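Working notes for the structure below.
The values are calculated or read from the model by the stated rules, or taken from the named source; none is laboratory data. The model shown is predicted, which means the values in this text are computed figures rather than measured ones. So basically every Cβ, Gly included, is an ideal-geometry build from the backbone, and we count neighbours across all protein chains shown. To get the accessible areas, we keep the full protein, side chains included, count just its heavy atoms, and leave off ligands, DNA and RNA. Shrake-Rupley method; radii C 1.70, N 1.55, O 1.52, S 1.80 Å.
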Amino acid sequence: MLRYTFDESLIDIKEIVNPSDSAFQIVVKSEDMRKRMKQVRTYFDNNKDYTDALFYSHEDGTYEVIVRKDMIDAFLIHAFRFQCLKSLQWD
């Protein structure tokens, strides 16, 4: 299992674990971080698996990302890759 940290001045992430997936409620607090989140979304939108991570943008500027259980590590790794997360650690 991966543990992660993030800069609370730039982004806020709440994870809700469900039996078959996890939902991440994300509040972006800077335009630079919004660009980084768009890079994560583009990565998952451009791969051939359309159900691995579903991104929803809300009118208030928040995101909800529903990630299949088997793709949570990949989602977190790519969020780290695009610097949405500060650290990742295997637990």
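Quick rundown of the values:
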{"read-out": "Some residue of region 69-89 being of a type in the set (Ser, Thr, Tyr) and either under 15 Å from residue 5 (Cβ atoms) or exposed (fewer than 12 other Cβ atoms within 10 Å of the Cβ) (or both)", "value": "yes"}
{"read-out": "Selection from region 42-53 of residues that are outside any helix (DSSP H, G or I), in contact with a strand residue (DSSP E or B) (Cβ under 8 Å, 6 or more places away or on another chain) and open to solvent by less than 60 Å² (accessible area, probe 1.4 Å)", "value": "52, 53"}
{"read-out": "Residue within region 54-65 that is assigned to a strand (DSSP E or B), of a type in the set (Phe, Trp, Tyr) and open to solvent by 90 Å² or more (accessible area, probe 1.4 Å) present", "value": "yes"}
{"read-out": "Residue satisfying all of: in region 9-41; more than 12 Å from residue 85 (Cβ to Cβ) and in a loop (DSSP other than H, G, I, E, B); least open to solvent (accessible area, probe 1.4 Å) among these", "value": "30"}
{"read-out": "Filtered residue count, region 42-71, keeping only those that are among the basic types (Lys, Arg) and either within 18 Å of residue 82 (Cα to Cα) or at pLDDT 95 or above (or both)", "value": "2"}
{"read-out": "Contacts under 8 angstrom Cβ, first residue in region 68-91 being closer than 16 Å to residue 41 by Cβ and aliphatic (A, V, I, L, M), partner assigned to a helix (DSSP H, G or I) and open to solvent by less than 40 Å² (accessible area, probe 1.4 Å), 6 or more apart", "value": "79/40; 85/76; 85/79"}
